[in-house]
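Undergrad: Let me begin by handing over the structure; questions about it come next.
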Amino acid sequence: QVQLVESGGGLVQPGGSLRLSCAASGRDFSLLAMGWYRQAPGKQRELVARITSGGSTNYVDSVKGRFTISRDNAKNTVYLQMNSLKPEDTAVYYCNTYPSVRRYWGQGTQVTVSS
């Protein structure tokens, strides 16, 4: 069983930055591939970025060059650094394993990009 708690969201102007954190507890975090997902109003949840246990990363095209996923296994935490934010990045952001596991979804953290 894994428990995941997201934090770090907020209201930011276009072009601004935010850093999201996901604190994990439960099974051995360092062995898990992790992902950041988002769901915008009226849209399906999508995978934004993922990171393997070994640190390899992958991004959806819309965030490449702007977002960076990282992990600190000593702290059982995965991060999403978001730069050059755009209004279309507005969504609730969630972390989960990759592939995602239904029972691991948390409350997410709201990111709103608006002037």
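The values are calculated or read from the model by the stated rules, or taken from the named source; none is laboratory data. Everything numeric in this text was worked out from a predicted model, so none of it was measured. Positions of Cβ are backbone-derived with ideal geometry, glycine not excepted, and every protein chain shown enters the neighbour counts. Keep in mind that these areas ignore ligands, DNA and RNA; they rest on the heavy atoms of the full protein, side chains included. Shrake-Rupley method; radii C 1.70, N 1.55, O 1.52, S 1.80 Å.
Undergrad: Quick one: net charge of LEU85's neighbours, Cβ under 15 Å, K/R +1, D/E -1?
TA: +3
Undergrad: Here's a follow-up. Using amide H atoms built in the peptide plane, which far-off residues or other-chain residues are under 5 Å from LEU85 H to H?
TA: Amide H to amide H, under 5 Å and 5 or more residues apart or across chains, LEU85 pairs with GLY15, GLY16.
Undergrad: When the chain is modelled as a GNM with alpha-carbon springs shorter than 10 Å, which of VAL92, VAL12, VAL60 fluctuates the most?
TA: Looking only at VAL92, VAL12, VAL60, the biggest GNM fluctuation is shown by VAL60.
Undergrad: A further question follows. Show me the three semi-axes of the equivalent ellipsoid for the stretch 1-93, from the C-alpha gyration tensor (sqrt of 5 times each eigenvalue), largest first, rounded to whole Å.
TA: 23, 14, 13
Undergrad: Tell me the relative contact order for the chain as a rounded percent, counting alpha carbon contacts under 8 Å between residues six or more apart.
TA: The normalised contact order for the chain reaches 37 percent.
Undergrad: Suppose every K and R has +1 on its Cβ and every D and E has -1 on its Cβ; what is the size of the dipole of the chain about the Cα centre, in Debye to the nearest 20?
TA: Computed charge dipole of the chain: roughly 140 debye.
Undergrad: Another question, then. If you count only protein heavy atoms with a 1.4 Å probe, what accessible area per residue comes out for the stretch 58-115, rounded to a whole Å²?
TA: Per-residue value: 52 Å².
Undergrad: What's the carbon and sulfur percent of the stretch 11-109's accessible surface, probe 1.4 angstrom, rounded to a whole number?
TA: In the stretch 11-109, the share of accessible area belonging to carbon and sulfur is 45 percent.
Undergrad: May I ask you to give the solvent-accessible area per residue for the stretch 1-43, in square angstrom, as obtained with a 1.4 angstrom probe?
TA: 52
Undergrad: Sticking with this one: Hey, what do the phi angles of the stretch 44-60 turn into as Karplus ³J(HN,Hα) couplings, whole Hz, using 6.51/-1.76/1.60 and θ = phi - 60°, x for Gly and Pro?
TA: Values, residue by residue: 6, 5, 10, 6, 9, 7, 9, 9, 7, 4, x, x, 6, 10, 8, 10, 5 Hz.
Undergrad: Sticking with this structure for a sec: Using a Förster distance of 30 angstrom, determine the FRET efficiency expected from the C-beta separation of ALA40 and GLN3, and round it to 0.05.
TA: Plugging the Cβ-Cβ distance into 1/(1 + (r/R0)^6) gives 0.75.
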